[in-house]
Structures are given as structure tokens and as C-alpha cells.
Amino acid sequence: MVYHISNLEFGPEVGVGAPRSDAEVVTAWLDCIASMVDDLRELRLIDGATARTVESDSRSIDGLISKESVDAVITSPPYPNEKDYTRTTRLESVLLGFVQSKENLRTVKRGLMRSNTRNVYVGDMDDRWVVGHESIQRIASAIESRRIELGKTSGFERLYAKVTKLYFGGMARHLQSLQRVLRPGAMLAYVVGDQASYLRVKIPTGQILVEIAESLGYSCVGIDLFRTRLATATREQLREEVVVLQWRKRR
């Protein structure tokens, strides 16, 4: 629906292009079904693979999963930028009945990491978790100074510094919440990317995530380059990295 039939465009935010005069609906649908069938045939060869889905907030994990039951965490959290991830999946969310009203959407957004100005709410307090982190406070101050220097006064622009602190505070909450459910020696991998969305102030996301993790008792195994991405505003190649951590239970 999204990529073959609709007139949605991604560049990198979601936009609407010219309506299609026609589309190969049935062909696109059959191709997707054939791909699913191929996947299922492969999966039949795997014995004992089970999965459980938990619908909840990644910043509040400790009450949902058994104590010391997790050996590995592999994920790609949001990046601190102006990408509203609910817009990326809005069409599917409506068509599949997950979102039926603005209130439904607001509920979904309140349970997400604060990574863009469109899901910041009165009462958000994740920034309290990083009050003592100098690098985060320094970047937030640089963003706010740049905003004042450029005379940017929109409501969204006024939130750039705030959302930066909320984002890293949310990641700190997540890592703290994980500690109870991780087994000693558990390995963690986070795919994160450097950003320059907020008035071209560079945010080294992976490096700061390591600082937060180490302050909470994790060890950094390494930061591996995954790929580079071209920043739209600065034309700079920004790093996308895999931050590898290890949890060693505190005595």
C-alpha cells in the first residue's frame, strides 16, 4: 500500500506527492504474498523458535520481563531528530485499525521515546535523568544559543534543546530499567546515528549513549561503523553506528 500504491514520499520526512492515475495493485499484492510464502517455507526448517510480543514502553521494562532472563538486546531506537516516526507508519496504522482517532494517536505517541518536537508533552521529565551529563547539557546549550542567534522563534524550534535532553534522558531510563532483567554478561547492540537536524548542531549520538551507559554500570565493548549518511543541511557524512555494550551486575 505505502510503497507501490499510495502517493506518499519519503525524503526523509513523510510527504504527499501527486496522486497516481493508476497502480499495479494486484501485481504488487501478489509479489508481497509470494515473498511471505518464501519466508515461511524457510522458517519451517527452524525448530524451537518462539516469540512473544509485549506492547509497552521501552523505558519501563523491569516489571514486564522476568528478572535476569535476558542474554541479549538488539535494537535500533529513534535518533534525536525531527522525524515523527508515527507519520512514517500512519497509513498502515489507520488501515489496520490501530489508530482510529486523534486520541488513539496521542496515546501511541505518549508511549514513545521523545525524539522529535511533535511528541513532547507538558509534564515530560526524562530530561531530569541527564542533568549531570556535561556533554548533553553542552549540546543543548549550543542548540539554544544557535536558535537565538538565528532569530528562530517558532514553537517547534524553541523545543529543540528540550527534546535533545528528553531523548537522552529517555535512553538513560531505558538502560536503567533493563538492569533488573539482564543476566550478568548480557550483550547489547544499539544502532544509532549522529544527527545535525537541530540548527546544524552536531549530536554524536553513539558517543553520548556510551557515556550514559558507562555511568549506569555498563561496559562499552565497541562502537562499530555501520554506514554513513549524507546530512541534508550540512552535506556532511554522518556516522550510523552499532554501539555494543555489556552488562556486568553490580556487587
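Looking only at residues in region 69-90 that are of a type outside the set (A, V, I, L, M) and part of a strand (DSSP E or B), which one is nearest to VAL191 (Cα to Cα)?
THR75
Taking into account only those residues within region 48-88 that are surrounded by 17 or more Cβ atoms within 10 Å (Cβ to Cβ) and aliphatic (A, V, I, L, M), which is farthest from VAL120 (Cα to Cα)?
VAL70
Going by what's in this entry, would SER66 be described as of a type in the set (Gly, Ala, Ser), part of a loop (DSSP other than H, G, I, E, B) and in the same structural domain as LEU95 (by TED's automatic domain parsing)?
yes
Return the residue satisfying two criteria in turn: it lies in region 142-154 and is polar (S, T, N, Q) and surrounded by fewer than 13 Cβ atoms within 10 Å (Cβ to Cβ), and of such residues it is farthest from SER69 (Cα to Cα).
Filtering region 142-154 for residues that are polar (S, T, N, Q) and surrounded by fewer than 13 Cβ atoms within 10 Å (Cβ to Cβ), the one farthest from SER69 (Cα to Cα) comes out as THR153.
If we scan region 100-109, do we find a residue that is of a type in the set (Val, Ile, Thr), under 21 Å from the mean Cα position of the chain (by Cα) and farther than 26 Å from PHE156 by Cα?
no
Quick check on region 200-251: of everything there that is of a type in the set (Val, Ile, Thr) and outside any strand (DSSP E or B), which residue is nearest to LYS152 (Cα to Cα)?
VAL201
Would it be correct to say that SER93 is outside any loop (DSSP other than H, G, I, E, B), of a type in the set (Gly, Ala, Ser) and under 30 Å from PHE168 (Cα atoms)?
yes
Can you tell me which residues in region 120-157 are assigned to a loop (DSSP other than H, G, I, E, B) and within 27 Å of SER58 (Cα to Cα)?
Within region 120-157, the subset assigned to a loop (DSSP other than H, G, I, E, B) is 120-125, 131-133, 151-156.
Residues satisfying the conditions are VAL120, TYR121, VAL122, GLY123, ASP124, MET125, VAL131, GLY132, HIS133, PHE156.
Name the residue, out of ALA28, ALA34, that is at pLDDT 90 or above, surrounded by 12 or more Cβ atoms within 10 Å (Cβ to Cβ) and outside the structural domain of ARG87 (by TED's automatic domain parsing).
Criteria check complete, one pass: ALA28.
Yes or no, residue by residue, for (1) hydroxyl-bearing (Ser, Thr, Tyr); (2) under 29 Å from LEU64 (Cα atoms); (3) in contact with a Pro (Cβ under 9 Å, 6 or more places away or on another chain):
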residue: SER135; (1), (2), (3): yes, no, yes
residue: PHE156; (1), (2), (3): no, no, no
residue: PHE168; (1), (2), (3): no, yes, yes
residue: HIS174; (1), (2), (3): no, yes, yes
residue: VAL181; (1), (2), (3): no, yes, no
residue: TYR190; (1), (2), (3): yes, yes, yes
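Given TYR167, TYR160, which one is buried (at least 17 other Cβ atoms within 10 Å of the Cβ), assigned by TED's automatic domain parsing to the domain that holds VAL131, within 17 Å of GLY132 (Cα to Cα) and of a type in the set (Phe, Trp, Tyr)?
The unique qualifying residue is TYR167.
The values are calculated or read from the model by the stated rules, or taken from the named source; none is laboratory data. Note that the structure is predicted; figures quoted are calculated from it, not measured. No Cβ is skipped: glycine too gets one built from the backbone with ideal geometry, and neighbour counts run over all protein chains shown.
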